[in-house]
Amino acid sequence: MENQTEETLIVRDFLARQRTKLANERTLLAYIRTSLYFIVSGTALMKVNDLENVKNLGYFSFMISVMLLIVGFINFFKLKRKLSKGRYEKM
């Protein structure tokens, strides 16, 4: 089944490959959603004026958000490249 084009696959294998592609996109969207949650929480923590150390937690939340975006896009494109080459079984 390795290195077969989309046209030569049987229906079961073709559908499995399509499900994997959709799962990859869904995972990227989950990374983006989580990153947005960290941005919102970081903004809320920055607006708290009563506590001094909470601002540092807000900055940390922003860093985590950026790191999640980077990791999400790296994983997305790495898996997309493996799927296009037909080597998705060896992940």
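What are the lysines whose alpha-carbon lies under 22 Å from the alpha-carbon of LYS21, with same-chain residues fewer than 8 places away excluded?
Cα-Cα hits under 22 Å: LYS78, LYS80, LYS82, LYS85, LYS90.
Modelled label-to-label distance, VAL40 and LYS80, 7 Å Cα→beta-carbon offset: nm?
2.6 nm
Put a dot 7 Å past each Cα toward the Cβ at PHE14 and ASP50; how far apart are the dots in nm?
Modelled inter-label distance: 6.2 nm.
Quick note: the coordinates plus some simple rules give every number you see, no bench work behind them. Keep in mind it's a predicted model, so treat the numbers as computed, not measured. Neighbour counts are summed over all protein chains in view; Cβ atoms, including those assigned to glycine, are modelled from backbone coordinates with ideal geometry.
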